[in-house]
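Notes to accompany the following structure.
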Amino acid sequence: MKVLILGGTRFLGKALVEEGLKRDHDITLFNRGNNKEASSEVKQLIGDRDGDVSQLKNRNWDAVMDTCGFAPHQINKIAAVLGDSIEHYTYISSISVYKDWIPLTITEDYHLQSMPQDRLKDVEEGRISPYEYYGALKVLCEAEAEKYWPGRVLHIRAGQLVGQFDYTDRLPYWVQRVAEGGNIVVPGRPDRPIQLIDVKDIATWVFDMAEKRKAGTFNVTGPDHKLTMEELLNTCKSVTNSNAKFVWADEQFVLDHHIQPWTEMPLWIPEQFPLEGETKPWKMCISVKKALDNGLSFTPLEETIHDVYQWEKVRQDSVRKAGISRNKEQELLDAWFQKEKKETL
């Protein structure tokens, strides 16, 4: 196939490029040219989906893979130049489109987020960041793509992507922290469910679907069984040959010490989380049955963690985007042990 990847130089985009080249497809990237890590085996068109997209005019592709559409005006701008010159469009959306994560096994027909129309204008004109309404904007992007290419869009509602080059630092934090060993504070229950998917698996499945011109909306996360936080951390411990000891701290205790879920403690959303003025349970349990029925498969967790660990060993960047500082973690550990000591007296 002739494939156009919007983005294509970081994490998922990089994985898509590698998968496409492995299959001998003709790959073209369209991006701003800021990242110099693009493969020399692909063509590169320089432009900006918020500005000049003229490089896309009068060209044809069998498939387009959109890794970086955050607002509907960006989809509109691309559609204006591509029109009917493409056969299949993959839009990387997110499970953040769902209004909440309350029920178990949320399916693709669960209710979605929305946003005020006037705030959409603020996003389009750059007055507010698209991340402020991330999930709602993804909903609008899905609708915009479907409007231009009805029946030809593969909507990927992706969960937490992990693997090498994961610049979010969510799984990398835990892999590196476990490798260092010692007492490690972990919020919540050991059997708290967690969902994530290797970026290589999503890239493989996207190409499988694009080659067959399959469209539709799919939750794409993993694995295909219940994965717990304890299993994830024990696998990190085994792969890194660590002496780590996990200290499972009560969620309310961690919150009372002003530790931020998801950022300071990656991959943690409290199971009792304030939502619309009430306290309701939040569960990380999205159904992927539809994707499984269409061939989605998973890399063994050990292999994914090994890949991340090897990458961690050679990383050059010192500033991380997620994870609690060691000093703050030690303060939290001291407070937890002091609390336990008092309770045993």
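The values are calculated or read from the model by the stated rules, or taken from the named source; none is laboratory data. Predicted, not measured: the structure shown is a model, and the values here were computed from it. Don't worry about glycine lacking a Cβ; one is built from the backbone with ideal geometry, like all the others, and counts go over all protein chains shown. Side chains included, ligands, DNA and RNA excluded: accessible areas come from the protein's heavy atoms. Shrake-Rupley method; radii C 1.70, N 1.55, O 1.52, S 1.80 Å.
Side notes on the structure shown:
- One residue from Arg157, Arg189, Arg177 being of a type in the set (Lys, Arg), more than 28 Å from Ile75 (Cα to Cα) and crowded, with 18+ Cβ neighbours inside 10 Å: Arg177
- With respect to the conditions (1) without any contact (Cβ under 8 Å) to a residue 60 or more places away in the chain; (2) farther than 30 Å from Thr107 by Cβ, Asn243 falls short on a single one, namely (1).
- Number of residues in region 207-235 that are outside any helix (DSSP H, G or I) and either closer than 17 Å to Leu267 by Cβ or open to solvent by 20 Å² or more (accessible area, probe 1.4 Å) (or both) equals 14.
- Screening Val308, Val288 for residues that are closer than 18 Å to Thr228 by Cβ and among the β-branched types (Val, Ile, Thr) leaves exactly one candidate, Val288.
- Every condition in (1) of a type in the set (D, E, K, R); (2) within 20 Å of the chain's Cα centre (by Cα); (3) farther than 14 Å from Phe70 by Cα holds for Arg127 except the one numbered (2).
- Tally, over region 271-297, of residues that are at positive phi and at pLDDT 75 or above: 1
- Those residues of region 39-85 which are open to solvent by less than 40 Å² (accessible area, probe 1.4 Å), more than 26 Å from Gly126 (Cβ to Cβ), out of contact with any helix residue (DSSP H, G or I) (no Cβ under 6 Å at 6 or more places or on another chain) and of a type in the set (Gly, Ala, Ser), in sequence order: Gly83, Ser85
- Failed item, numbered, when Thr9 is tested on (1) at pLDDT below 95; (2) surrounded by fewer than 19 Cβ atoms within 10 Å (Cβ to Cβ); (3) touching an Asp or Glu at 6+ places or on another chain (Cβ under 8 Å): (2)
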